[in-house]
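The values are calculated or read from the model by the stated rules, or taken from the named source; none is laboratory data. Every value quoted in this text rests on a predicted model; they were computed, and no experiment measured them. A quick note on method: Cβ atoms are made from the backbone with ideal geometry, for glycine too, and the neighbour counts reach across all protein chains shown. In case anyone asks, the SASA skips ligands and DNA or RNA and just uses the protein heavy atoms, side chains included. Shrake-Rupley method; radii C 1.70, N 1.55, O 1.52, S 1.80 Å.
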Amino acid sequence: MHPKTTTNPLEIFYDGYYYDITEFSAKHPGGDIILYYTEKGEDATQAIQQFHNRFFPKVKLMLANLKRRPATENDNLLTPEEAQRHRDITHDFAELFAWMKSQGMFEPSPWRIIWRIVECSLMWTIGLYFCGSRTFILQFFGAVLFGLGGARAGWVMHEAGHHSLTGNHNADRCIQSIIVGILGGVGGGWWRRHHNKHHAMPQRIDYDLDLNTMPVLANSIEVVKHPRQGSSFFIQNQKWLFLALDCFLATMAWRLYSSPRSALKYHNYFDLLMMSIHWWILLTFAPPWTIIFGVWVAGTYLFGNFALSHSRLPVARKQTHWVEYAFRHTANIKSSLWMDWWTGYLNFEIVHHLFPTLPPFRSYLVRDKVIALAAKYDLPYNEFSYMDAWAQNFRNLDKVAEHFK
Ligand code: HEM
């Protein structure tokens, strides 16, 4: 259970009403993430609409069966001005969401699914084939290719995990588990539980699990609990170690610890099978050094790129509106044909956080309206060139280390 679940009974605010989820919380098919919104003053309206966009009628039926009470003034922790601003943002955001749906933007694109799965699977397979050759240079090339293929499978499984690949959540979950299990060695079920918590409250201390990088990495001084931790070898040298070691350690921890542990805990034997196939193929066809190097390439590419969207941005300590999380704690990378491909369209991270079930390749269609929404409420719209974002991240790692010198 999350430490900040303070209401008794457990209640969740949705669209003007508090719903009693004391019994339902343990049965929630999305897991304990639901508890994130039981702290007094939280508003789960946008989270519920966005996370369940693909199966909203089912959720509405469930809500109708829960005990509820209208919200009162006593429930409100905001000043009247803040509450009004909150209502206005909610209203404009809901209008934008409805307009996107009316334009068919959430519809999946079958040929893209096929193309992207074929692309990463081919890279991975051809890479492994070369790893098994007898020439060092071909083995090296093979390790780079299989690393990149496995990492690019991460972009595809990410979409499936958000149910934006086929739009059918059972099919998407199955595709996700196969792709990320076999090509990436990671459990789909574990990844969804982890990643959805990041989406629920990005950059919020104690909630966003992506902030749990200590003791090897500190992107913010606020994640360092004790100055002694900040003066450790890892933190003092983090600007060098980030690409050289940290990304590799993170991907290995996902593969060898977090995913299998979670799959065992939740009896997810399909994920365990997929991960076993991954290791069986690797250990059968590739020499050990190519496996280690390929996994290093995969981790560095994947973690390095997605750190550009958040890690140097401020962390949040208090309740924040869904829309404000996306603007204040998320950054875009400027779009180009090459950049869209290289980052799997997650260079449009702000749109992705506002609308996680939108197929990311359609993000550019709503970009201008999203910029207008930010401007109307005086919210930042963080967009940087690729090189600038990398430079900012390294400066930030240096600054945090400097703080604890
Ligand atoms: C009382 C309110 C809620 C109800 C009735 C509800 C209901 C559901 C249902 C029925 C599903 C599974 C649908 C399916 O796969 O067929 C689901 C999944 C999910 N829910 Fe909720 N939910 C509620 C609140 C929340 C909240 C507040 C959050 C987020 C903070 C949330 C996050 C999720 C996520 C991320 C999933 C997808 C998990 C996955 O794909 O593995 N839910 N919920």
*asked:* Using alpha carbons only, how many angstrom separate the centre of the stretch 181-210 from the centre of the stretch 218-276?
replied: 12
*Whenever you get a sec, line up LEU358, LEU77, LEU209 from highest to lowest accessible area (probe 1.4 Å, protein heavy atoms).*
LEU77, LEU209, LEU358
_Of the trypsin sites (Lys or Arg not before Pro) in the stretch 212-251, those whose Cβ has at most 11 other Cβ within 10 Å and which sit in DSSP loop_ = LYS225
*For THR166, THR72, what's the largest-to-smallest order of accessible area, 1.4 Å probe?*
THR72, THR166
*Leaving out ligands, DNA and RNA, what percent of the accessible area of the stretch 47-115 is carbon and sulfur, probe 1.4 Å?*
60
*Picking from GLY147, HIS194, PHE234, whose Cα lies most toward the positive end of the charge dipole for the chain (charges on Cβ: Lys, Arg +1; Asp, Glu -1)?*
GLY147
*Where a ≥ b ≥ c are the square roots of the eigenvalues of the C-alpha gyration tensor, would you call the stretch 256-335 rounded, which needs a/c under 1.5, or, failing that, prolate if a/b is larger than b/c, or oblate?*
oblate
*asked:* Please enumerate, by chain and number, the lysines with C-alpha under 24 Å from the C-alpha of LYS376, excluding those fewer than 8 residues away in the same chain.
replied: LYS101, LYS318, LYS334
*Starting at the first residue of the stretch 255-271, write each ³J(HN,Hα) from the Karplus equation 6.51 cos²θ - 1.76 cosθ + 1.60 with θ = phi - 60°, in whole Hz, x for Gly and Pro.*
6, 9, 10, 4, 5, x, 4, 5, 4, 5, 4, 9, 6, 8, 6, 5, 4
_Give me, ordered by chain and number, the residues 5 or more places off ALA316 or on other chains with an amide H under 5 Å from its own placed amide H._
ARG204, ILE205
*Return the lysines within reach of LYS399: Cα separation strictly under 23 angstrom, same-chain partners fewer than 8 residues apart disregarded; answer none if there are no such residues.*
LYS225, LYS239
*Express the relative contact order of the stretch 106-405 as a whole percentage, based on alpha carbon pairs under 8 Å and six or more residues apart in sequence.*
22
*Each residue of the stretch 21-27 in turn: what ³J(HN,Hα) in whole Hz from Karplus with 6.51, -1.76, 1.60 and θ = phi - 60°, glycine and Pro shown as x?*
10, 3, 8, 5, 3, 6, 9
*Write down the percent of antiparallel bridges among all DSSP beta bridges whose residues are both part of the chain, to the nearest 5.*
70
*How much accessible area does LYS369 have with a 1.4 Å probe, in Å² rounded to the nearest 10?*
90
_Residue with peak Gaussian network fluctuation, the chain [Cα springs, cutoff 10 Å], from HIS267, HIS158, HIS194_ = HIS267
_Alpha carbon centroid spacing (whole Å) that separates the stretch 58-85 from the stretch 293-314_ = 38
*In sequence order, what are the phi-derived ³J(HN,Hα) couplings for the stretch 385-402 according to the Karplus relation 6.51 cos²θ - 1.76 cosθ + 1.60 with θ = phi - 60°, rounded to whole Hz, with x for glycine and proline?*
6, 4, 5, 4, 5, 4, 4, 4, 4, 5, 4, 5, 4, 5, 4, 5, 4, 4
_Cα gyration tensor category, rounded, prolate or oblate, for the stretch 106-405 with a/c compared to 1.5_ = oblate
*Before anything else, pin down the relative contact order of the stretch 306-392: Cα pairs under 8 Å, at least 6 apart, normalised by residue count, whole percent.*
34
*Ranked by accessible surface with a 1.4 Å probe, highest first, in what order do VAL216, VAL118, VAL366 come?*
VAL118, VAL216, VAL366
